[in-house]
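> I'd like to ask some things about the structure below.
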Amino acid sequence: MMDLYREYILNHYQNPRNFGKMEGADSSVKLSNPLCGDEVKVYVKFEGEKVSKINFEGKGCVISQASASILTEELKGKKKEEILSLDKNFMLKLLRIPLGPNRLKCALLPLEAIQKAIKNGL
Amino acid sequence: MFDSQKIKKDFPIFEKHPELVYLDSTATSLKPRQVIDKLVEYYTQYSANVFRGIYKISEKATEEFEKTREKIAQFIGAKPEEVIFVRNTTEAINLVAYSLGRKIVDKSSEIVVSLMEHHSNFVPWQQLAFENGARLKIINIDKQGRLLFSPEMITRRTAIFALTYVSNVLGTINPVKKIIKQVKKANPNTIVIIDGAQAVPHLKVDVKELACDFLAFSSHKMLGPTGVGVLWGKRELLEQAFPFLYGGEMIREVRLEETVFKEPPYKFEAGTPAIGEVIALASAVEYLEKLGMEKVREHEKELISYALERLKEEFGEKITIFGPEEAEERGGVLAFKFGSYHPHDIAQILDSLNIAVRAGHHCAMPLHQALKVEATTRASFYIYNDKEDVEKLIEGLRRVEKVLG
Ligand SMILES: Cc1ncc(COP(=O)(O)O)c(C=O)c1O
């Protein structure tokens, strides 16, 4: 029944990957959703046209924090341009869970932060 | 207590969702069949505009529309011509800020509001203070979420005093009658606006007894349709205030060089109103009257007192419930923090068990800042809830512990 809290998501929430401040990051952005207090700060490192590493820090609900953790793995090594073109459909596919309009905001917060960090670094 | 199983039979939503545990009436209440039927009656039998047609169905619509005004007036101890229909509480308060506030507030004025206000009774006053250069004073709260009002806050400069009757987060029932007395004693010219959004649906409210100047509330929180709010105001103040919106319905005569406005309440009701919804609001009031507002309060008091006790018993220190400890001092609202779980996750897992609660800051960010929490989970009770729902909430929270560890 608890699709949203499947093993995969909970695992990322409980053991977040690439968590913590990154020294020497090329760009970093902090975003929050004041509606519920979700917060993520992302750090990105570039290598030419690519994003070579992503770290994050944050607090908030399972969906926002797990999404951040999943993205740090998923987007590593991808082209900046490609990451900038990603949208909510990508996020939904990645998480493999149904999300209503209110909950989608939590899932999108980390993606938005990463995209913003890339734009700031361009 | 009411027999909630019997009451539930009046609410068609439970036919479609018999499993629903609805604990979010503070956001909006469910609607009984009587209200829905009345809406359908208007749309199927006399769906004409009001105040315009000379034909029968328009006369009928106008008659029913005005019947609601009388019903509301009688329900809150007012005169019908002092009852204005707007869209919701938010619009009602904005109307006062715009139509009267702009007129009486200037650089030398003070506006007093409390920390526990819903944004709709906070932001309009904050902005008015900014725009007109007035000073905004905030009444603080104690550890149990009770108002720390002292009459010294009111000076000869206090133009406006705006306060909620019942907090939509803490549940605190403010001793408004006593406070208004103190305010008026300190400065008889201070205009007192009471946000009744969480009070009128749950308690007996009488404007004469309160001796306030304005009262605002929403139909959709008191079993009525969405799209209708009520502003009650004292006649002489309504006369003194600017119109709110200009246009049709609110004018007596328009010429190229000037316009003569109608008398209150019509002066404030420009454009075609939510006719069917206003008409059906009368059925909601009738429903509440039949139950009796004292009994409604008794029912909720017993539920909240049961919930406070049971949640503490089950979860002890793990749960922090905001607001007064005594059921006597609080309405049927229960906002809490549970372990270190995020309210979103709590609400989501409860939803998977068909329990509807609210997660967030409930449009009271300054209050949440003071409580030092980003967000809370809120369960709220109304006439169709019972102790069984409290037990389901407890089971739901157990599930949260299990899923999130
Ligand atoms: C205390 C209080 N005031 C005002 C409002 C605003 O009501 P509405 O959204 O109907 O304008 C609410 C609604 O949640 C409320 O609880």
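Every number here is computed from the coordinates shown, using simple stated rules; none is lab data. Note that the structure is predicted; figures quoted are calculated from it, not measured. Positions of Cβ are backbone-derived with ideal geometry, glycine not excepted, and every protein chain shown enters the neighbour counts.
> What distance in nm separates the simple spin-label points at A:Glu74 and B:Arg33, each placed 7 Å from Cα in the Cβ direction?
Using points 7 Å along Cα→Cβ, the separation is 4.8 nm.
> Follow-up question, since we're still on this one. As an exercise, identify the trypsin sites (Lys or Arg not before Pro) in the range B:198-281 lying in DSSP coil whose Cβ has no more than 12 other Cβ atoms within 10 Å.
Within the range B:198-281, the qualifying trypsin sites (Lys or Arg not before Pro) (loop, at most 12 other Cβ atoms within 10 Å) are B:Arg255.
> If R₀ is 30 angstrom, what is the calculated FRET efficiency for the pair A:Lys59 and B:Thr155, using the beta carbon separation as r and rounding to 0.05?
0.10
> What is the set of long-range amide H partners of B:Val112 at a cut-off below 5 Å, with H atoms built 1.01 Å from backbone N?
For B:Val112, whose amide H was placed from the backbone, the distant partners under 5 Å are B:Lys137, B:Ile160, B:Phe161, B:Ala162.
> Starting from the Cα coordinates of the protein assembly as shown, work out the convex hull volume and express it per residue in Å³.
On the way: hull volume 98.9 nm³, N = 527.
Cα convex hull per residue, to the nearest whole number: 188 Å³.
> For the range B:292-404, just say rounded, prolate or oblate: build the C-alpha gyration tensor, square-root its eigenvalues into a ≥ b ≥ c, call rounded for a/c under 1.5, and beyond that prolate if a/b exceeds b/c, oblate if not.
It comes out oblate by the Cα gyration axes.
> Tell me the relative contact order for chain B as a rounded percent, counting alpha carbon contacts under 8 Å between residues six or more apart. List each step's numbers first, then the result.
Values: 777 pairs, mean separation 90.2, N = 405.
Computed value for chain B: 22 percent relative contact order.
> Could you work out the mean count of beta carbons from other protein chains within 10 Å of each residue's beta carbon in B:337-348?
Taking all residues of B:337-348 together, the mean is 5.
> Oh, and also: Okay, helix-only estimate at 222 nm for chain B: each DSSP H run of n ≥ 4 adds -39500 (n - 2.57), divide by all residues, round to 500 deg cm²/dmol; what do you get?
-12000 deg cm²/dmol
> Taking amide hydrogens as modeled 1.01 Å from N in the peptide plane, which residues meet the under 5 Å criterion relative to B:Asn385, leaving out close sequence neighbours?
Sorted by chain and number, the residues that satisfy this come to none at all.
> Could you tell me which trypsin sites (Lys or Arg not before Pro) in the range A:64-122 are loop residues by DSSP with no more than 16 other beta carbons within 10 angstrom of their beta carbon?
In loop regions of the range A:64-122 (DSSP not H, G, I, E or B), the sparsely surrounded trypsin sites (Lys or Arg not before Pro) are A:Lys76, A:Lys78, A:Arg96.
> So which GluC sites (Glu not before Pro) in the range B:230-314 end up in coil per DSSP with only 13 or fewer other C-beta atoms within 10 Å? The partial results should precede the final answer.
Values: sites: B:Glu236, B:Glu239, B:Glu249, B:Glu253, B:Glu257, B:Glu258, B:Glu269, B:Glu277, B:Glu286, B:Glu289, B:Glu294, B:Glu298, B:Glu300, B:Glu302, B:Glu309, B:Glu313, B:Glu314; in loops: B:Glu249, B:Glu257, B:Glu258, B:Glu269.
Here the sparse-neighbourhood loop sites are B:Glu257, B:Glu258.
> So what is the calculated 222 nm ellipticity per residue for chain A, using -39500 (n - 2.57) for each DSSP H run with n of 4 or more, over all residues, to the nearest 500 deg cm²/dmol?
The helix-only estimate for chain A comes to -13500 deg cm²/dmol at 222 nm.
> If you don't mind, another one. Mind checking which aspartates and glutamates have their Cα closer than 18 Å to the Cα of A:Lys116? Skip sequence neighbours fewer than 8 apart in that chain.
Within reach: A:Asp26, A:Asp38, A:Glu39, A:Glu47, A:Glu49, A:Glu57, A:Glu73, A:Glu74, A:Glu81, A:Glu82, A:Asp87.
> Further question on the same structure: Looking only at A:Gly77, A:Gly58, A:Gly24, which one moves most when chain A is put into a Gaussian network model with springs between Cα atoms under 10 Å?
Looking only at A:Gly77, A:Gly58, A:Gly24, the largest GNM fluctuation is found for A:Gly24.
> State the percent of C-alpha pairs, over all pairs in the range B:1-57, separated by a distance greater than 18 angstrom.
Details: 825 of 1596 pairs.
Tail of P(r) above 18 Å: 52 percent of Cα pairs.
> Could I ask something else about it? With chain A treated as a Gaussian network of Cα nodes joined by springs under 10 Å, which of A:Asn55, A:Asn15, A:Asn102 yields the largest mean-square fluctuation?
A:Asn102
> Next question, about the same structure. Karplus couplings for the range A:61-69 from phi (6.51 cos²θ - 1.76 cosθ + 1.60, θ = phi - 60°), rounded to Hz, Gly and Pro as x?
Each residue of the range A:61-69 in turn: 6, 4, 4, 5, 6, 5, 4, 4, 4 Hz.
> Another question about this same structure. What average number of partner chain Cβ atoms lie no more than 10 Å from the Cβ of the residues making up A:59-70?
Partner-chain Cβ atoms within 10 Å, mean over residues of A:59-70: 3.
> Moving on to the next point. Sort B:Ile139, A:Ile9 so the one with the fewest other Cβ atoms within 10 Å of its own Cβ comes first.
In increasing order of surrounding Cβ atoms, one gets B:Ile139, A:Ile9.
> Which entries of B:Lys60/B:Lys178; B:Lys6/B:Lys38; B:Lys143/B:Lys204; B:Lys221/B:Lys387; A:Lys76/B:Lys372 have Cα-Cα distances beyond 31 Å here?
B:Lys60/B:Lys178; A:Lys76/B:Lys372
> Still on this structure, please answer the following. To check you understand DSSP bridge types, tell me what percent of the beta bridges within chain B (both residues inside) are antiparallel, rounded to 5.
Just about 55 percent of them are antiparallel.
> Continuing with this model, one more query. Hey, what do the phi angles of the range B:163-174 turn into as Karplus ³J(HN,Hα) couplings, whole Hz, using 6.51/-1.76/1.60 and θ = phi - 60°, x for Gly and Pro?
For the range B:163-174, the Karplus-derived couplings read 8, 7, 6, 10, 6, 7, 10, 7, x, 3, 8, 6 Hz, x marking Gly and Pro.
> From the Cα gyration tensor of the range B:252-351, with a ≥ b ≥ c the square roots of its eigenvalues, which class applies: rounded if a/c is under 1.5, or else prolate if a/b is larger than b/c, or else oblate? All intermediate terms of the calculation are to be shown ahead of the outcome.
Numbers: a/c = 3.35, a/b = 2.28, b/c = 1.47.
Since a/c reaches 1.5 and a/b is larger than b/c, the shape of the range B:252-351 is classed as prolate.
> Next question. Let me know the shape class of the range B:35-289, please: from the alpha-carbon gyration tensor, a ≥ b ≥ c as square roots of the eigenvalues, rounded when a/c is under 1.5, otherwise prolate if a/b is greater than b/c, or oblate.
Here the range B:35-289 falls in the oblate category.
> Listed here are the pairs A:Lys88/B:Lys402; B:Lys301/B:Lys337; A:Lys30/A:Lys119; B:Lys79/B:Lys107; which of them are more than 24 Å apart at the Cα?
A:Lys88/B:Lys402; B:Lys79/B:Lys107
> A follow-up question, please. May I ask you to list the lysines whose Cα is less than 17 Å away from that of B:Lys185, ignoring any residue fewer than eight positions away on the same chain?
B:Lys177, B:Lys208
> Still on this structure: Short version: ³J(HN,Hα) in whole Hz for each residue of the range B:87-92, in order, from phi by Karplus 6.51 cos²θ - 1.76 cosθ + 1.60 (θ = phi - 60°), x for Gly and Pro, what are they?
Values, residue by residue: 8, 5, 4, 4, 5, 4 Hz.
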